[in-house]
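Novice: Here it is: the structure, laid out below.
The values are calculated or read from the model by the stated rules, or taken from the named source; none is laboratory data. Model, not experiment: these values are computed from the prediction. Counting neighbours? That spans all protein chains shown, and the Cβs are built from the backbone with ideal geometry, glycine included. Each accessible area value is taken on the protein alone, full model and side chains, heavy atoms only, with ligands, DNA and RNA left out. Shrake-Rupley method; radii C 1.70, N 1.55, O 1.52, S 1.80 Å.
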2 protein chains.
Amino acid sequence: MIKTIIFDLDDTLYDATWLTNESRKGGLKKMIQQGLNIDMENASILLDKIVNEFGSNYHRHFDVFLERIKDQPNIHPKKNFSVPKYIAAGVWGYHSVKVRYLKPFSDVIPTLKKLKQLRKTLAIITDGISVKQYEKILRMEIIDYFDHIFISEEVGFNKPDTDFFSYCLKEMNFKSEECLYVGDRLDKDIKPANEIGMTSVLIHRGGKYDPNLKNSNEKTEINPDYEIYTLEKLIKIIESLEN
Amino acid sequence: MIKTIIFDLDDTLYDATWLTNESRKGGLKKMIQQGLNIDMENASILLDKIVNEFGSNYHRHFDVFLERIKDQPNIHPKKNFSVPKYIAAGVWGYHSVKVRYLKPFSDVIPTLKKLKQLRKTLAIITDGISVKQYEKILRMEIIDYFDHIFISEEVGFNKPDTDFFSYCLKEMNFKSEECLYVGDRLDKDIKPANEIGMTSVLIHRGGKYDPNLKNSNEKTEINPDYEIYTLEKLIKIIESLEN
């Protein structure tokens, strides 16, 4: 019997890929509004390149961005070019979008409510910086639905280490066969869930790790027990497993 | 003739003392809402103590706060005490208040408009971290009123160094007798403005450095040319200086 449902966070409970892209665009827009003479398309291409080089958790993307463009001719109209002014504009634009549009997918709250009615234990297992992940969970106002939250930085393991999953099972006092795990990534979610013996559910959200976006070779190596496009399907899966 | 009006930022153009206090309270409130078992009064006293110890620009006050209280009996109701969860709640509460209530004093925009109509050059000279100060100026939507913005970190001087003020004069191409300087602090604003020969105006905003809050000994050592309680008085001062 499935007693606990465990969720990944980014691109499973909210649209991380979209939100990050929009937030970065929001930052660039504010910089341009403040006088930076660069078009959005070229700016986006350069910023994406920097994010790839430095990793998405690096917190000075806009600093590097300005460092790279500041000597281009006509990049700023006035004689007093202030790098910190443009960084501040970028940070302002980035955070305004992030705070405004950070919402769970529309199927999240209804599904969490139904699972609570079914008396399931609910948990999150996610990679990331603890304070940042908790801030998202708090701002989305979903924290009270969860009995357990495990974040890689706080716990000391990273996905896809199965020791991370074993640690969580021990803390929750469940066996792996009592758990259903839902995530958007084959490599970091489905692989360890399968290896440890949980029922694995791949959710397609169209995010940057969605296997539908990748070539079919990669996709067939790791096989989830279920594939879904909306969380509401979880209820049916659980019912079918219990009959 | 007064050609340029130079403003300090914090507690001169917006209510920094009040906003910082309210933001910290906002952080503590969210922590308590999330289950931290401490009353607001004791929490505020402890947080103030930490801010005094570490300085107001240190960015981990809530971390130190939680470190100090986490071993108190009954401080948190559930068995799984997560420090990052409470830090995230604090950060969320702090920033929500800060973003929502960061506004210029009500006399700022009308005064800046009138000064622009009088064809004065407008500037800011402020201590602080460049990106943080620019973010405030941008979010308050007052940046377009200013011809020059000088921030200590960006320029490489700190108040009350008169070299900071000389540097700004040179950049703006004005003589000190053509400048009127408005700030809330005797030690960091009025003293250097007097020393360099600007017309000095002390504004009383009731912030933490307002000399009205201090003993009279300190107050009499440094004498501003004018003392005002609302920026609108500036217009009259300038008119009287020009007649």
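Novice: Among B:Asn158, B:Val64, B:Tyr134, whose Cα lies farthest out toward the positive end of the dipole of chain B, if unit charges sit on the beta carbon of Lys, Arg (+1) and Asp, Glu (-1)?
Specialist: Going by the charge dipole, the pick is B:Val64.
Novice: Suppose every K and R has +1 on its Cβ and every D and E has -1 on its Cβ; what is the size of the dipole of the protein assembly as shown about the Cα centre, in Debye to the nearest 20?
Specialist: Details: 70 positive and 74 negative charges, 203 e Å.
That gives a dipole near 980 debye.
Novice: If you take the Cα atoms of the protein assembly as shown, find Rg, then find the Kirkwood Rh from the mean of 1/r over all pairs, what is Rg/Rh? Walk me through the numbers on the way to the answer.
Specialist: On the way: Rg = 27.4 Å, Rh = 25.8 Å.
Checking Rg against Rh, the ratio lands at 1.06.
Novice: What residues in the range B:87-118 lose 50 Å² or more of accessible surface when the other protein chains are added to their chain alone (1.4 Å probe)?
Specialist: B:Ala88, B:Trp92
Novice: Follow-up. Please give me the summed charge of the neighbours of A:Ser130: other residues whose Cβ is under 13 Å from its Cβ, Lys and Arg +1, Asp and Glu -1.
Specialist: Numbers: positive: A:Lys132, A:Lys136, B:Lys85; negative: A:Asp127, A:Glu135, A:Glu153, A:Glu154, B:Asp63.
In short, -2.
Novice: Skip the ligands, DNA and RNA, and give the accessible area per residue of the range B:18-101 with a 1.4 Å probe, whole Å². Display every interim value, and only then the final one.
Specialist: Values: 4690 Å² over 84 residues.
Accessible area per residue, the range B:18-101: 56 Å².
Novice: Can I ask one more? How much FRET efficiency would the formula 1/(1 + (r/R0)^6) give for A:Leu102 and B:Lys116, where r is the Cβ-Cβ distance and R0 is 35 Å, rounded to 0.05? It would help to have the intermediate numbers written out before the result.
Specialist: Numbers: r = 38 Å, r/R0 = 1.09.
In this case the efficiency is close to 0.40.
Novice: If we count every other residue with Cβ under 13 angstrom of A:Phe157's Cβ, Lys/Arg +1 and Asp/Glu -1, where does the sum land?
Specialist: Details: positive: A:Lys159, A:Lys170, A:Lys188; negative: A:Asp127, A:Glu153, A:Glu154, A:Asp161, A:Asp163, A:Glu171.
Charge balance in the 13 Å sphere: -3.
Novice: Here's a follow-up. Just to be sure I understand the model, the point goes 7 Å from the Cα along the line to the Cβ. What's the resulting A:Asn223 to B:Asn37 distance in nm?
Specialist: Label-label distance for A:Asn223 and B:Asn37, simple model: 5.1 nm.
Novice: Calculate for the protein assembly as shown the 222 nm mean residue ellipticity that helices alone would give, adding -39,500 (n - 2.57) per DSSP H run of length 4 or more and normalising by residue count, nearest 500 deg cm²/dmol. Each step should come with its number before you reach the end.
Specialist: Values: 22 runs with 236 residues, N = 486.
After summing the helix terms and dividing by the residues of the protein assembly as shown, the value is -14500 deg cm²/dmol.
Novice: Could you list log10 I(q)/I(0) for chain B at q = 0.11, 0.15 Å⁻¹, which the Debye formula gives when each Cα is one point scatterer?
Specialist: -0.64, -1.02
Novice: Going 7 Å from the Cα of A:Glu141 along its beta-carbon direction, which residues of the range A:10-30 have the amide nitrogen within less than 18 Å of the resulting point?
Specialist: A:14-15
Novice: Using only Cα positions of the range B:18-101, each an equal point scatterer, no hydration layer, compute I(q)/I(0) via Debye at q = 0.20, 0.24 Å⁻¹ and quote the log10 values to two decimals.
Specialist: Taken in order of the listed q values, log10 I(q)/I(0) reads -0.86, -1.24.
Novice: Also, I was wondering about something else. Run the quick spin-label model on A:Asp187 and B:Ser176: label points 7 Å from Cα toward the beta carbon, then report their separation in nm to one decimal.
Specialist: For A:Asp187 paired with B:Ser176, the spin-label model returns 6.3 nm.
Novice: Further, regarding this structure: Once you sort the root eigenvalues of the Cα gyration tensor of the range A:11-56 as a ≥ b ≥ c, which label holds: rounded (a/c under 1.5), prolate (a/b larger than b/c) or oblate (the other case)? Spell out each step's value before the answer.
Specialist: Details: a/c = 2.97, a/b = 1.61, b/c = 1.85.
Here the range A:11-56 falls in the oblate category.
Novice: Let's see if you can work this out: charge +1 on each Lys and Arg Cβ, -1 on each Asp and Glu Cβ, no other charges. What is the dipole magnitude of the range B:30-120 about its Cα centre, in debye to the nearest 20? Provide the component values of the computation, followed by the final result.
Specialist: Working: 16 positive and 8 negative charges, 170 e Å.
Its charge dipole is roughly 820 debye.
Novice: To continue, here is another question. Once every Cα of the range B:138-243 carries one equal point scatterer and solvent is ignored, give the base-10 log of I(q)/I(0) from the Debye formula at q = 0.24 Å⁻¹, two decimals.
Specialist: Here log10 of I(q) over I(0) equals -1.46.
Novice: For the range B:45-92 and the range A:134-192, what is the separation of their C-alpha centers, rounded to whole Å?
Specialist: First find each Cα centre; the distance between them is then 25 Å.
Novice: Taking every Cα atom in the range B:68-153, find the radius of gyration and the maximum pairwise distance Dmax, and write them in Å.
Specialist: 20.2, 65
Novice: Between the label point of A:Lys103 and that of the same position in each other copy, find the distances and list them shortest first in nm, with every label point placed 7 Å from Cα along the Cα-to-C-beta direction.
Specialist: So the distances to the same position in the other copies read 2.6 nm.
Novice: Something else about it: To the nearest 20 Debye, how big is the dipole of the range B:108-243 about its Cα centre, given +1 on the beta carbon of each Lys and Arg and -1 on that of each Asp and Glu?
Specialist: On the way: 20 positive and 24 negative charges, 90 e Å.
Rounded to the nearest 20 debye, it is 440 debye.
Novice: Would you work out what percent of the accessible area of the protein assembly as shown, with all protein chains in place, is carbon or sulfur (probe 1.4 Å)? Numbers along the way, then the final one.
Specialist: Numbers: 11190 of 23950 Å².
C and S fraction of accessible area: 47 percent.
Novice: What residues does the range A:122-162 have that are buried by at least 20 Å² of accessible area in the full protein assembly compared to the chain on its own, 1.4 angstrom probe?
Specialist: Going by heavy-atom accessible area, the residues of the range A:122-162 that drop by at least 20 Å² are A:Val131, A:Tyr134, A:Glu135, A:Leu138, A:Arg139, A:Ile143, A:His148, A:Glu154.
Novice: Over all pairs of distinct alpha carbons, what does the Kirkwood formula give as the hydrodynamic radius of the range A:1-145, in Å?
Specialist: Working: mean 1/r = 0.0581 Å⁻¹.
Kirkwood radius, the range A:1-145: 17.2 Å.
Novice: Provide the buried accessible surface between chains A and B in square angstrom, both chains summed, 1.4 Å probe, rounded to the nearest 100.
Specialist: Values: alone 12970 and 12960 Å², together 23950 Å².
Summing both sides, the interface buries roughly 2000 Å².
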